[in-house]
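The values are calculated or read from the model by the stated rules, or taken from the named source; none is laboratory data. What you see is a predicted model, and the numbers here were worked out from it, not measured in a lab. Quick reminder, even Gly has a Cβ in these numbers, built from the backbone with ideal geometry, and neighbours come from all protein chains shown.
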């Protein structure tokens with residue numbers, strides 16, 4: 001017999017790892033049903049062995065999406081999770097328990113679509129939108145106001161509202177917007193997002209509100225948390241009607257059911273309708289309609305006893321695997337993709353499925369020509385669950401990753417510490433295109449009119465292979481490209497020339513150093529006076545920088561130590577690109593904020609965060625995402641939270657916008 005304590009410990013560790021991937025990184029590795037099976041097994045073991053149970057078990061948690069970079073706010077009323085089931089019998093049993101609890105009452109249920117999105121709580125005070133907060137750990141969540149304000153259709157004010165009102169709902173992303181963003185990432189050689197829910201979760205936690213604004217998020221509201229006066233509502237259905245009257249984006253349809261059997265009929269009706277809804281729906285939520293009965297039924301530590309979520313089974317279908325294609329990212333990472341005979345799943349035509357890596361192909365013994373079982377849960381990118389061996393062709397051959405790469409003429413090697421293969425040949429044209437696309441992108445050197453189609457021609461014709469090659473292009477070189485005339489050629493030459501004076505962090509980001517993103521590049525610019533000093537830094541120095549850490553430090557140090565990268569940097573220097581840090585340059589010329597670290601919190605009266613950050617950097621200072629002993633000032637606007645409290649505790653000077661402007665212009 002397996003050791004129950006060992007299995008409990010293993011399950012707890014595995015679930016906690018999946019919680020981190022899902023709630024904080026928005027990169028789950030398993031679907032909801034597999035996750036729910038893990039939790040159900042753990043709950044079964046804990047019930048059978050209470051001597052190994054403890055209060056912090058993940059079976060008693062709603063998860064935790066809070067991140068260090070965000071301010072936390074306490075919900076006036078906790079945002080709990082819901083117990084869930086995939087079984088009609090368990091749903092009926094839920095109803096029978098409530099009937100036993102209320103033997104003399106006729107029970108009415110509200111049946112709502114269960115939206116596969118990101119839970120959010122919106123606070124309105126005296127009818128004015130004040131704050132948006134994530135679920136967090138149920139008790140407190142992250143302030144995501146700056147990324148929620150721009151969502152279309154969200155009322156800024158509501159008439160005849162209670163004094164205090166927490167409106168609960170879900171943020172989601174439409175399938176067409178998800179596909180648009182993924183198409184852009186494919187062009188840039190970046191990995192596709194797994195599903196709209198993950199992308200929506202990542203977007204609401206972006207530190208750059210301008211990037212969040214470029215991704216179209218949607219919202220639907222369906223409930224109320226805290227409300228003052230407390231007797232403003234008496235039934236769930238009343239809330240639905242009032243939210244619609246206040247012109248919130250609301251559920252397209254809901255049902256009032258007379259008893260649990262009627263609720264099941266409504267769920268079946270929902271299952272037939274849900275593909276027509278604008279939001280992804282993965283089940284139904286069944287709630288007692290009467291608030292008084294809800295209060296009497298009560299709560300467990302993580303969920304109400306008066307509500308349950310019924311989840312639809314993920315859709316599956318068999319189809320034939322026609323081909324295993326390879327997708328190459330900007331860092332040279334090679335991702336295998338299954339090309340399938342088109343099949344209908346979850347209301348869409350599926351012709352591709354992720355294969356993750358070589359180990360996944362080997363573990364499931366997936367071969368070209370196989371008949372495979374494909375799963376698509378909601379809007380998730382399809383995955384191959386298994387192979388139907390009874391339908392395997394007699395001449396089938398195991399897929400050999402290394403041999404396939406050799407056949408395609410791709411020079412690559414497998415990273416011994418990871419499951420990924422990476423291109424080693426610096427002259428591989430696909431890799432060259434991905435590198436140049438990243439370098440020229442808006443988030444890096446922002447070279448206007450240098451898109452993927454132009455870069456493909458430059459590489460194919462041998463006009464540019466590395467970033468430094470771009471700076472020796474002449475108008476005559478560009479005129480020979482398709483759709484280029486004298487004026488458009490000169491415009492691109494001018495745009496490339498203008499990029500030489502970009503801030504250093506853009507160049508650092510554009511170099512494509514593994515693990516270094518936009519914010520990390522800004523942190524590196526703030527820590528060093530030039531690219532040269534960054535290149536000479538050892539791992540210990542790099543790891544000590546806020547926001548970098550040991551893994552990124554190793555990657556940065558290894559990148560600058562590579563001879564081919566050193567040669568490329570020298571060429572960029574000779575072409576006149578900016579290698580100097582703007583913040584250190586301002587400090588050396590006596591900027592009023594020279595060497596100062598500022599943290600921003602809340603909403604400023606007339607400045608966006610980007611505008612305030614630019615003003616700080618121009619004055620020689622730099623910004624940080626968290627308050628610490630190293631913080632010189634906290635710049636605070638409206639709707640501040642934990643950063644304000646921490647600054648007060650540490651004695652950090654706090655500025656409003658007027659004091660900030662006065663500091664810049666004494």
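Being farther than 20 Å from residue 123 by Cα, modelled with pLDDT of 90 or more and in the same structural domain as residue 129 (by TED's automatic domain parsing) holds for only one residue in 226, 188, 194, 237, and it is 237. Screening residue 215 with (1) modelled with pLDDT of 85 or more; (2) in a loop (DSSP other than H, G, I, E, B); (3) out of contact with any helix residue (DSSP H, G or I) (no Cβ under 6 Å at 6 or more places or on another chain) gives one miss only, at (3). When residues in segment 226-246 are screened for being under 22 Å from residue 279 (Cα atoms) and outside any loop (DSSP other than H, G, I, E, B), 9 of them pass.
Taking the stated definitions as given, is residue 343 part of a strand (DSSP E or B), within 19 Å of residue 371 (Cα to Cα) and either at pLDDT 80 or above or under 26 Å from the mean Cα position of the chain (by Cα) (or both)? When the stated conditions are applied, residue 343 passes them.
The one condition from (1) surrounded by 14 or more Cβ atoms within 10 Å (Cβ to Cβ); (2) assigned to a helix (DSSP H, G or I); (3) more than 33 Å from the chain's Cα centre (by Cα) that residue 481 does not meet is (2).
Take the conditions modelled with pLDDT under 90 and out of contact with any strand residue (DSSP E or B) (no Cβ under 7 Å at 6 or more places or on another chain) and apply them to residue 665. Does it pass? Let's see the steps before the verdict.
Values: modelled with pLDDT under 90: yes; out of contact with any strand residue (DSSP E or B) (no Cβ under 7 Å at 6 or more places or on another chain): yes.
Here the answer is yes, as residue 665 does meet what is asked.
Close contacts from segment 470-496, counting a first residue that is outside the structural domain of residue 445 (by TED's automatic domain parsing) and under 15 Å from residue 453 (Cβ atoms) and a second that is in a helix (DSSP H, G or I) and at pLDDT 95 or above, with Cβ to Cβ under 7 Å and a gap of 6+ residues or different chains, come to none at all. When restricted to residues that are surrounded by fewer than 18 Cβ atoms within 10 Å (Cβ to Cβ) and assigned to a helix (DSSP H, G or I), segment 466-476 contains 2.
Suppose we keep only residues that are within 26 Å of the chain's Cα centre (by Cα) and assigned to a strand (DSSP E or B) within segment 290-315. Which one would you say is modelled with the lowest pLDDT? So that I can check it myself, show each step before the final result.
Going residue by residue through segment 290-315, those that are within 26 Å of the chain's Cα centre (by Cα) are 302-303, 309-315.
With the extra rule that they be assigned to a strand (DSSP E or B), the set shrinks to 309-311, 315.
Values: 309: 95, 310: 95, 311: 91, 315: 79.
Among those residues, the one meeting the criterion is 315.
Whether any residue in segment 66-89 is in a helix (DSSP H, G or I), within 26 Å of residue 284 (Cβ to Cβ) and in the same structural domain as residue 269 (by TED's automatic domain parsing) is what I want to check. Show your work before the answer.
Filtering segment 66-89 for residues in a helix (DSSP H, G or I) gives 88-89.
Filter once more, keeping what is within 26 Å of residue 284 (Cβ to Cβ): 88-89.
Checking which are in the same structural domain as residue 269 (by TED's automatic domain parsing) leaves us with 88-89.
Yes, segment 66-89 contains at least one residue that is in a helix (DSSP H, G or I), within 26 Å of residue 284 (Cβ to Cβ) and in the same structural domain as residue 269 (by TED's automatic domain parsing).
The condition of being in contact (Cβ under 8 Å) with a residue 24 or more places away in the chain and within 19 Å of residue 109 (Cα to Cα) does not hold for residue 317.
Looking across segment 617-658, the residues that are under 17 Å from residue 72 (Cα atoms) and part of a loop (DSSP other than H, G, I, E, B) come down to 625, 626, 627, 628, 637, 639, 640, 641. When residue 523 is tested against the conditions (1) in contact with a helix residue (DSSP H, G or I) (Cβ under 8 Å, 6 or more places away or on another chain); (2) farther than 17 Å from residue 571 by Cβ, the lone failure is (1). Listed conditions (1) surrounded by fewer than 18 Cβ atoms within 10 Å (Cβ to Cβ); (2) touching a residue at least 12 places away in the same chain (Cβ under 8 Å); (3) under 29 Å from residue 336 (Cβ atoms); (4) under 33 Å from the mean Cα position of the chain (by Cα) are all met by residue 460, apart from (4). If you check residue 463 against the conditions, is it closer than 30 Å to residue 570 by Cβ, in contact with a helix residue (DSSP H, G or I) (Cβ under 6 Å, 6 or more places away or on another chain) and in a loop (DSSP other than H, G, I, E, B)? Criteria met by residue 463. Quick check: anything in segment 165-176 surrounded by fewer than 19 Cβ atoms within 10 Å (Cβ to Cβ), touching a helix residue (DSSP H, G or I) at 6+ places or on another chain (Cβ under 8 Å) and in a helix (DSSP H, G or I)? Yes, the conditions are met somewhere in segment 165-176.
Condition (residue is closer than 21 Å to residue 132 by Cβ, at pLDDT 80 or above, surrounded by fewer than 18 Cβ atoms within 10 Å (Cβ to Cβ) and not assigned by TED's automatic domain parsing to the domain that holds residue 511) applied to segment 591-605: is it met by at least one residue?
Residues of segment 591-605 closer than 21 Å to residue 132 by Cβ: 599-605.
After this cut, where a residue has to be at pLDDT 80 or above as well, the list is 599-601, 604-605.
Checking the rest, the ones that are also surrounded by fewer than 18 Cβ atoms within 10 Å (Cβ to Cβ) come to 605.
Checking which are not assigned by TED's automatic domain parsing to the domain that holds residue 511 leaves us with 605.
The answer is yes; a qualifying residue exists.
When segment 501-512 is examined, which residues are found to be part of a loop (DSSP other than H, G, I, E, B) and closer than 17 Å to residue 571 by Cα? Talk me through it step by step, then tell me what you get.
To start, the set of residues in segment 501-512 that are part of a loop (DSSP other than H, G, I, E, B) comprises 502-503, 511-512.
Residues satisfying the conditions are 502, 511, 512.
Mind listing whichever residues of segment 431-454 are more than 16 Å from residue 184 (Cα to Cα) and part of a helix (DSSP H, G or I)? 431, 432, listed by residue number.
The condition of being part of a loop (DSSP other than H, G, I, E, B), surrounded by fewer than 17 Cβ atoms within 10 Å (Cβ to Cβ) and under 28 Å from the mean Cα position of the chain (by Cα) does not hold for residue 184. Criterion applied to 121, 81, 87 was being out of contact with any helix residue (DSSP H, G or I) (no Cβ under 8 Å at 6 or more places or on another chain) and free of Cβ contacts under 8 Å to residues at least 40 places away in the same chain, and the one residue passing it is 87. Restricting attention to segment 90-111 and to residues that are outside any helix (DSSP H, G or I) and out of contact with any helix residue (DSSP H, G or I) (no Cβ under 8 Å at 6 or more places or on another chain), the residue that is surrounded by the fewest Cβ atoms within 10 Å (Cβ to Cβ) turns out to be 104.
Quick one: how many residues across segment 348-377 are surrounded by fewer than 19 Cβ atoms within 10 Å (Cβ to Cβ) and over 16 Å from residue 336 (Cα atoms)?
Pass one, segment 348-377, residues surrounded by fewer than 19 Cβ atoms within 10 Å (Cβ to Cβ): 348-349, 351-352, 356, 359-360, 362-365, 367-369, 371, 373.
Going one step further and asking which of them are over 16 Å from residue 336 (Cα atoms), we end up with 348-349, 371, 373.
The total comes to 4.
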